[in-house]
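Chemist: Below is the structure I would like to discuss, written out as structure tokens.
The values are calculated or read from the model by the stated rules, or taken from the named source; none is laboratory data. Computed from a prediction, not measured in an experiment: that's the story for all the values here. Cβ atoms come from the backbone with ideal geometry, glycine included; neighbour counts cover every protein chain shown.
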Amino acid sequence: MTTKGARQTQHLSVETSFEQKDSGHVKTKYDFIPSIGTHFFKYGSTWIRVERTREQQTLDLHMGVPWETVQLTAFGRDKSLYFRILEEARHMALKQHEGKTIMYTAMGSEWRPFGHPRKKRPISSVILDTGISERILNDCQEFINNPSWYTDRGIPYRRGCGKSSYITALAGELGFAICVLNLSERGLSDDRLNHLLSLAPQQSIVLLEDIDAAFVSREDSEQQKAAYQGLNRVTFSGLLNCLDGVASTEARIVFMTTNYVERLDPALVRPGRVDMKEYIGWCSKAQIEKMFVRFYPGHNAEINAKEFADKVISENKNVSPAQIQGYFMFHKHSHANDVIKDYRTIWNL
């Protein structure tokens, strides 16, 4: 209706939207749409009456806008007309997000889109140690392509080093959205967590970052209890029930990240509750070589990459992918030989 009939209606309202280009530039768009009231538009050969009504006394508490109802009326008995309209509207909405990854964040008891849809990040742009990316991707694809195998066996659908970056790239590769949930948020209760997990969009990755920050141990210290006194919070048993229950059995994949795996209670990461564990740590020689080739392709790229990686590893110092990438960005206009020669400055940037 917005694209075909809005220009012919008599009373209009203005809707502001934002469109993000491939370059990352955000463009503001203004559309004239039918305002509150009664309108008519032609769909194919059928005239349709549209009535928009708004409840002034009832607000969406999360968005701060009135609830609204749109009623369509047409002559005839062909109910398929409405299905065709809704299907066309669905395809138009999906087309706007083609090639992009949608991020969601929890607001109250609902999931809301967070920021603009992001251009899908190539999974090859996140360099992990040999075999890690392939194992995770293959496991996720097997899960997506064979849901009945997991259902029949009663198995639920399942800093600086690239954990979150890889998950973002993985979501783009799989065509999934990402739902980010902070378990340490004050006021987040067991019931609300269960509600959010059960309402997470289909074909989405639920990301629980820094899981260690939410639960140090099963028993809270007196100081922690005082800090949360009077506030609802997620309990350890509540999280386990959510991960094991019906909320986690549909087409969703749960990822948990931590920088301190030794702090996690064994019950949280036991086999059967966590299907796969992968350590993503400091750069290996293979990672450094792959990152070098990606930033400095061309003649002798692999030979130069091996020389650079050998020099970095010979220092016997820990180095993260973020440090390597930062160093390459600093030398983005430098010749490969200069990058190799100046490698010791990686730890000084």
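Chemist: Taking helices (runs of 4 or more DSSP H) that do not extend beyond segment 189-281, which have at least 1 residues that are outside the structural domain of G172 (by TED's automatic domain parsing) and at pLDDT 80 or above?
Modeler: none
Chemist: Moving to a separate point now. Among K311, K332, which is the only one that is at pLDDT 90 or above, among the basic types (K, R) and either in a helix (DSSP H, G or I) or closer than 20 Å to G162 by Cβ (or both)? If you could, list the steps in order and put the result at the bottom.
Modeler: Numbers: K332 fails: at pLDDT 90 or above.
Every option except K311 fails the conditions.
Chemist: While we're on this one: Could you check how many residues of segment 74-98 are part of a loop (DSSP other than H, G, I, E, B) and exposed (fewer than 11 other Cβ atoms within 10 Å of the Cβ)? Break it down stepwise before answering.
Modeler: Initially, segment 74-98 is screened for residues part of a loop (DSSP other than H, G, I, E, B), giving 75-79, 97-98.
Then keep just the ones that are exposed (fewer than 11 other Cβ atoms within 10 Å of the Cβ); that gives 75-77, 79, 98.
Qualifying residue count, segment 74-98: 5.
Chemist: Go through segment 13-32 residue by residue and tally those that are touching an Asp or Glu at 6+ places or on another chain (Cβ under 6 Å), at pLDDT below 75 and surrounded by 11 or more Cβ atoms within 10 Å (Cβ to Cβ).
Modeler: Residues meeting the conditions: 1.
Chemist: Under 6 Å between Cβ atoms, at least 6 apart or on separate chains: pull out the pairs that start in segment 310-329 with a residue that is more than 10 Å from W282 (Cα to Cα) and end on any residue that is among the hydroxyl-bearing types (S, T, Y) and part of a helix (DSSP H, G or I).
Modeler: The qualifying pairs are K311/Y343; V312/Y343.
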